[in-house]
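Scroll down for the structure; my scribbles are underneath it.
The values are calculated or read from the model by the stated rules, or taken from the named source; none is laboratory data. No experiment lies behind these values; they were computed from the predicted model shown. Neighbour counts run over all protein chains shown; Cβ positions are idealised from the backbone, glycine included.
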Amino acid sequence: MSSTPVVEGPRALAGPVRDRRRARRKAAWRRRALVLGLMSPWLVGFTVFFGYPLVSSAYLSLTHYDLLSPPRWVGLANYRFLFQQDQQVWPAVKNTLWLMAIAVPLQVMFAFGVALLLTRARRGVGFFRTVFYLPALAPPVAATLGFVYLLNPATGPVNVILGHLGIEGPLWFNSPTWSKPSLALLGMWGVGNLMIIFLAALIDVPRHLYESALIDGAGPLQRLRWVTLPTISPVILFAVVIGVIESLQYFTQAYVAASVATGQAASESAVNLGYPENSTLFYPVLLYSQGFRYFNMGYASAMAMLLLAVALTITLLILRSSRLWVFYQGAGRR
Amino acid sequence: MSPRRKKFLIAVADHSLLIAAAIMFLAPFVFIVLTSLMTNNQALSSKLWPDPFQWGNFAEVFHTAPIWRYALNTSIYAVLATIGVLVSSIPVAYALSRLRWRGRDAVFVLVLVAMMLPFQVTVVPVYVLFSKLHLVGSLWPLIIPNFLGDAFSIFLLRQFFMTIPEEYADAARVDGCGELRILVSVFLRLAKPAIAAVALFEFLFCFNDFFGPLLYTSEDPSNWTLSLGLAQFRTIYQVQWNLTMAATLLFMAPVIVLFFLAQRAFVEGVTLTGVKG
Amino acid sequence: MQRALAVLLVVVASVVSAGCMGDDSSDNSAAGTQTTDKTPVTITFWSPFTDREQGVINNGIARFEKAYPWIKVKSVGAITADKITAAIHAGNAPDVAAMFETDNLGAFCNSGAWTDLNDRIDADKLDMEQFPKTIRDYTAYGDKRCAMPLLADAYGFYYNKTLLQKAGITGSPKTVDELADYAKRLTQRNPDGSLKIVGFDPLLNWYENAPVHWGPMWGATWMKDGKSGLSKDPAWEEMLRWQKKLVDWYGYDKLVRWQAGAGDEFSPSNAFETGKVALILDGEYRTAFLKAEHPEVKYGTAPHPTSKPDLYGSGFVIGTIMGLPKGAKHAEAGWQLLKFMATDTDTLAEMSNGLHNVPSTIESQNSPKLTKDPLFATFLDIFKNEKSSTQPVLKIGSQNQTLFTSFIEKWQAGRVKDEDLHAGLENVDKQIDAALEQAGGEVP
């Protein structure tokens, strides 16, 4: 960067003072250059991969664009289609809301429950912790393939075992009622990361709180309600927040499960996204199919703008409430 | 009943819930392993135990698809991206945590926003950009952005740098070190666990990534990663279930091995994201 | 930090140079000139074929390379239509692309993703009358001709002779009522009530059970006056009601369960090939799969049953198509390959013998080199039948089928009441029309 000429101080100033000032200014410039240098990767990255795309998305959402011919201005047509005509949008939104309202809380509660169980174990904590954590390591594509096989309605081990118990298992990924619960099960299986976070938080709950509660005659449930939960509530909030953010981008599992569960060859796969009956058509899946299957990039951009509005609202809400956990945790760590 | 036996049974009863949960967590792995050893006909039947054990399935997988090619591509992606993230995010995190400058907090908020917004929001223009650069079809669109800072890693590292007491830096300053020297000699050393966690997460993210490769490399099978290749097993090639499960296991194996080698880094890293973050 | 900058610079440099190296100078100008330019060139050919089928195609390509020794062809298989679409839009197109999904042609032609071949056809005075009319129909969108046929497909019925004999049935059903009757008589259940052998699987979205393939059984039509006409042609309602009745007889859940264990369509565990289903609607290529994978199966082929007797003998006709993607680097050489693969009689006969696909020119259909196989001849007859029909070529590609199919999924699962069927179809029409409008609106 070019250095601006240092403004001359008043003549009256004695030489040494001026030199000191100059030195200080020089130091300040060097500091600024240093900051700029350190920040430069992010500055470039943020501009090219975030700032510019946002502006570009807003523009493209007002055009018809397929990458082959230049964007053609269509005004608000894409938004009209989005809000009034596209009957796939509402199922996609509903499915995504389902994830937030049902799958996320289930996962958080499950992770919490498993972590709680672990804190009570007297033996083999390390072993159990490893067992519970392992599924979280399975790559999503692999885990989903595994689950589609395990939950095959006819020959999958789960339904075979249920059959031996005299229960006719559900159709799982092949039923619109069960496909989302199946995905939720898959999510609960891979809950290891959350579980570790909860475990660390639970271990951190000060012992004396329990002891004083015990003196007050609190039972196990009361201790959970009045000591454990309040103490680790920031962690629960964190888990919910992460879960909600992840729901907004839920893609891989839905894509793989739908395309594999139909049992149809890839040539039919245009039909497969959302299988069965659009029950696994989540908002990102629909956006992908409009943008990168049909190359309705203008329309996909309009969908992206809607997603931006929703995500921004959620993010701002989180940021407002997060001063609790983002800024304080750093200072007050163990 | 002998007292030892009794003690054992009590321990089992005491942990019965845990044991039941552990069985449920392990069962999918067990069934995947069993299926990977079956014949195809058996995989399509309701029998659960392989008969006979068909160990050849694991070798067979390598004939159904260019697994080595996929593995190589995955490694290229994951290794380069991890290097990129470390090289670009550490300085940014340092500037955001240890240097005082105007607008720092505002920039940090921007980092948070970038971290929280779904990547689908920007995906269309970014794709257009890479297609104009004639890079779609290659691994570069997946790798390049990592050299320009990753919001999550910046956030994580920044949080960790904040916790390092100022005295260490001061001591180095007294010794006459410049800021860069302080970053390299003091912070990198003290922040090793956080850096290891960031590297681990980035590596795993790339190893598992499906959307990125699907978007950018799917039209060129010679650039497919393991995720993408495996997902096409059932749909394009209609590979039999037994082989698919064998491939699934092979795909999981490296991560699980990595986990046992670096268990501490894993657990510390995860804890870092949650509690300390 | 310095290292970071160095790496950054390298990355930036590689981006920039890659951007520059992308060669945009495709020789589109050569259109029409009788090519005498014999500079050696290598072109890329993408096709969806895998394994055995790709081998057959490669043999055809080898013949081309012999006839045009200066052109080398790099053949890449297992490329789906999605990938072709993505590559063209991202500017990475191959020189020639082939795909099964003829549905996409309208979208490709409309957007210019595949170039219009009319100029080249005129310049080379290529006689289009050598192709049967149905083929000319499904390779053009309006007056734009963006594709050449790469063999053709006809759909008919396969019946398992062993299973039919056991049930005392002598031949393939001729009417849809007969089909329903046979389907029930051929079905066998396990002691627990689950399905063991299915006479005929009436669930759509399974194997080749797609609305486009079923429509011709009822003579149903897709479009009316440029708009979607599913609710305007009563044949669709008739078809869906017939289908629902049979689904209910089996039990929807039972069929889904059975399908889940039935094996993959394009694998040796295909349900028809393994005797798990007695009657099936499929393309002529299945005869080749049966020969290669399960030569022991005793089966026959016939036209599919129809709702009206005068339709019998007809069927759904479609084919693999090839085109020159926009931005192809060696369009002229690509055109030569296209022309050769679409019209060379001996090559067509040979590929047809290998794939058991219908050869796509009238001359090759009568070629003496074509293996005489009565099982396959059925499909040649279906193809030549003048009531055989194909699907409309729309600018929204297969989106209309996607929308229709997702309605059918609800219908066959019993989540649409019988009295709401007509209204449901009207709604599908509305969605398709909206998509048509959204996809550009203007004239092609």
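Of the residues making up the range B:153-186, those that are polar (S, T, N, Q), crowded, with 16+ Cβ neighbours inside 10 Å and either outside any loop (DSSP other than H, G, I, E, B) or without any contact (Cβ under 8 Å) to a residue 24 or more places away in the chain (or both) are B:S153, B:Q159.
B:L17 - would you say it is in contact with a Lys or Arg (Cβ under 6 Å, 6 or more places away or on another chain) and farther than 30 Å from C:A78 by Cβ? Taking the combined requirement at face value, the residue does not satisfy it.
Answer yes if at least one residue in the range C:378-385 is in contact with a His (Cβ under 9 Å, 6 or more places away or on another chain), at pLDDT 90 or above and surrounded by 19 or more Cβ atoms within 10 Å (Cβ to Cβ), and no otherwise. Looking for residues that are in contact with a His (Cβ under 9 Å, 6 or more places away or on another chain), at pLDDT 90 or above and surrounded by 19 or more Cβ atoms within 10 Å (Cβ to Cβ), one finds at least one in the range C:378-385, hence yes.
Here C:I135 meets each of (1) within 30 Å of C:L279 (Cα to Cα); (2) surrounded by fewer than 22 Cβ atoms within 10 Å (Cβ to Cβ) with one exception, condition (2).
One line per residue, one yes/no per condition, for (1) of a type in the set (A, V, I, L, M); (2) within 14 Å of chain B (Cβ to nearest Cβ):
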{"residue": "C:R52", "(1), (2)": "no, yes"}
{"residue": "C:E65", "(1), (2)": "no, no"}
{"residue": "C:S75", "(1), (2)": "no, yes"}
{"residue": "C:V96", "(1), (2)": "yes, no"}
{"residue": "C:E101", "(1), (2)": "no, yes"}
{"residue": "C:L105", "(1), (2)": "yes, no"}
{"residue": "C:D116", "(1), (2)": "no, no"}
{"residue": "C:A147", "(1), (2)": "yes, no"}
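Summed over the range C:387-429, the residues that are farther than 29 Å from C:G251 by Cβ and either in contact with a strand residue (DSSP E or B) (Cβ under 8 Å, 6 or more places away or on another chain) or assigned to a loop (DSSP other than H, G, I, E, B) (or both) give a count of 14. Looking at the range A:117-133, which of the residues that are in contact with a Leu (Cβ under 9 Å, 6 or more places away or on another chain), more than 7 Å from chain B (Cβ to nearest Cβ) and without any contact (Cβ under 8 Å) to a residue 60 or more places away in the chain is surrounded by the most Cβ atoms within 10 Å (Cβ to Cβ)? The selected residue is A:G124.
Filtering the range C:362-409 to residues that are free of Cβ contacts under 8 Å to residues at least 12 places away in the same chain and within 11 Å of another protein chain (Cβ to nearest Cβ) leaves C:T402, C:S406. Among the residues of the range B:54-96 satisfying the criterion of being more than 21 Å from B:F201 (Cα to Cα) and touching a Gly at 6+ places or on another chain (Cβ under 9 Å), which is modelled with the highest pLDDT? Checked the range B:54-96; the qualifying residue modelled with the highest pLDDT is B:R69. Per the listing B:V113, B:V124, B:V109, B:V136, the residue uniquely surrounded by 19 or more Cβ atoms within 10 Å (Cβ to Cβ), at the interface with chain A (Cβ under 9 Å from one of its Cβ atoms) and among the aliphatic types (A, V, I, L, M) is B:V124.
The condition (being farther than 30 Å from C:E53 by Cβ and in contact with an Asp or Glu (Cβ under 6 Å, 6 or more places away or on another chain)) is satisfied by just one residue among B:P254, B:P165, B:P193: B:P193. Checked against (1) more than 21 Å from the chain's Cα centre (by Cα); (2) under 30 Å from A:Y294 (Cβ atoms); (3) free of Cβ contacts under 8 Å to residues at least 60 places away in the same chain, C:D119 passes all but a single condition, namely (3).
Selection of helices (runs of 4 or more DSSP H) fully inside the range A:142-213 by the criterion of at least 3 residues being at the interface with chain B (Cβ under 8 Å from one of its Cβ atoms) and within 20 Å of B:L48 (Cα to Cα) returns A:157-164. The residues of the range C:291-314 that are of a type in the set (K, R) and farther than 24 Å from C:E53 by Cα amount to a single one, C:K308. When the helices (runs of 4 or more DSSP H) confined to the range A:250-334 are screened for residues that are farther than 30 Å from C:N270 by Cβ and at pLDDT 70 or above, those reaching at least 3 such residues are found at A:283-292, A:297-331. Inside the range A:290-303, can you point out the residues that are more than 9 Å from chain C (Cβ to nearest Cβ) and out of contact with any strand residue (DSSP E or B) (no Cβ under 7 Å at 6 or more places or on another chain)? A:Q290, A:G291, A:A300, A:S301, A:A302, A:M303 - these are the residues of the range A:290-303 that are more than 9 Å from chain C (Cβ to nearest Cβ) and out of contact with any strand residue (DSSP E or B) (no Cβ under 7 Å at 6 or more places or on another chain).
Within the set B:L243, B:L272, B:L228, B:L204, the sole residue that is touching a residue at least 40 places away in the same chain (Cβ under 8 Å), among the hydrophobic types (A, V, I, L, M, F, W, C), more than 23 Å from B:I154 (Cα to Cα) and within 11 Å of chain A (Cβ to nearest Cβ) turns out to be B:L228. Scanning the range B:228-273 for residues that are under 19 Å from the mean Cα position of the chain (by Cα) and under 24 Å from A:P157 (Cβ atoms) yields B:L230, B:A231, B:A247, B:T248, B:L249, B:L250, B:F251, B:M252, B:A253, B:V255, B:I256. If you filter the range A:88-105 down to residues that are crowded, with 18+ Cβ neighbours inside 10 Å and either without any contact (Cβ under 8 Å) to a residue 24 or more places away in the chain or not polar (S, T, N, Q) (or both), you find that the one that is nearest to the other protein chains (Cβ to nearest Cβ) is A:P91. Could you tell me whether C:A87 is touching a helix residue (DSSP H, G or I) at 6+ places or on another chain (Cβ under 8 Å), within 14 Å of chain B (Cβ to nearest Cβ) and within 23 Å of A:H64 (Cβ to Cβ)? Spelling it out, it is not the case that C:A87 is touching a helix residue (DSSP H, G or I) at 6+ places or on another chain (Cβ under 8 Å), within 14 Å of chain B (Cβ to nearest Cβ) and within 23 Å of A:H64 (Cβ to Cβ).
A quick yes/no check of all residues on (1) under 16 Å from C:L203 (Cβ atoms); (2) surrounded by fewer than 23 Cβ atoms within 10 Å (Cβ to Cβ); (3) of a type outside the set (K, R):
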{"residue": "C:K254", "(1), (2), (3)": "yes, yes, no"}
{"residue": "C:Q259", "(1), (2), (3)": "yes, no, yes"}
{"residue": "C:A278", "(1), (2), (3)": "yes, no, yes"}
{"residue": "C:Y285", "(1), (2), (3)": "no, yes, yes"}
{"residue": "C:F289", "(1), (2), (3)": "no, yes, yes"}
{"residue": "C:H304", "(1), (2), (3)": "no, no, yes"}
{"residue": "C:G315", "(1), (2), (3)": "no, no, yes"}
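Only one of the listed residues (A:V48, A:V114, A:V44) is within 9 Å of chain B (Cβ to nearest Cβ), at pLDDT 90 or above, surrounded by 15 or more Cβ atoms within 10 Å (Cβ to Cβ) and farther than 29 Å from A:A311 by Cβ. That residue is A:V114.
B:R100 meets all of the listed conditions (1) without any contact (Cβ under 8 Å) to a residue 60 or more places away in the chain; (2) facing chain A (nearest Cβ under 7 Å) but one, namely (2). Of the residues making up the range C:188-201, not a single one is touching a residue at least 12 places away in the same chain (Cβ under 8 Å), in contact with a helix residue (DSSP H, G or I) (Cβ under 9 Å, 6 or more places away or on another chain), among the small types (G, A, S) and in a helix (DSSP H, G or I).
So that you can scan it fast, the table gives a plain yes or no per residue for (1) farther than 30 Å from A:R80 by Cβ; (2) of a type outside the set (V, I, T):
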site	(1), (2)
C:A342	yes, yes
C:E363	yes, yes
C:V393	no, no
C:G397	no, yes
C:A413	yes, yes
C:K417	yes, yes
C:E426	no, yes
